[in-house]
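Participant: Before we start, here is the structure in question, set down as structure tokens.
What follows is calculated from the coordinates using simple rules that are stated; it is not laboratory data. It should be emphasised that the depicted structure is a prediction, and the values quoted were computed from it without experimental measurement. Because the Cβ atoms are built from the backbone with ideal geometry, glycine has one as well, and the counts that use them run over all protein chains shown.
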Amino acid sequence: MEPRCTRCGWPGTEARVLSTHPTSEGWVRYRRCACGEVSIELVTLGAHTTEVDALASTSGHTGPGTLPARGAVAAPA
């Protein structure tokens, strides 16, 4: 299932990548949707797969089984 913006429903793969940073579990990627929503994704690589999990967004909405943003990304003023 393709990730979608929690605010407007736009496909997550269409959102602009702001930055990507390596972590011990893979990469953390920050994306900005056309509506202005910023999302945080965890990208992990398996033997034959790539998995992308939505971690949080500026609106505080998250995907199933994820933690809320709790100030991880400041919403634009």
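Participant: Using θ = phi - 60° and the Karplus curve 6.51 cos²θ - 1.76 cosθ + 1.60, what whole-Hz ³J(HN,Hα) does each residue of region 6-11 get, with Gly and Pro shown as x?
Facilitator: 6, 8, 10, x, 5, x
Participant: Taking amide hydrogens as modeled 1.01 Å from N in the peptide plane, which residues meet the under 5 Å criterion relative to Leu55, leaving out close sequence neighbours?
Facilitator: Ile40, Glu41, Leu42
Participant: With the crude spin-label approximation of a point 7 Å out along Cα→Cβ, what separation in nm comes out for Cys35 versus Val52?
Facilitator: Roughly 1.7 nm, to one decimal.
Participant: Can I ask one more? Trp10 to Thr23: extension gain in nm, 0.36 nm per residue of separation minus the Cα-Cα distance?
Facilitator: 2.0 nm
Participant: Output wanted: per-residue J couplings in Hz (rounded whole) for region 13-21, from phi through Karplus 6.51 cos²θ - 1.76 cosθ + 1.60, θ = phi - 60°, x for Gly and Pro.
Facilitator: Values per residue, Gly and Pro as x: 6, 8, 6, 6, 6, 8, 6, 9, 10 Hz.
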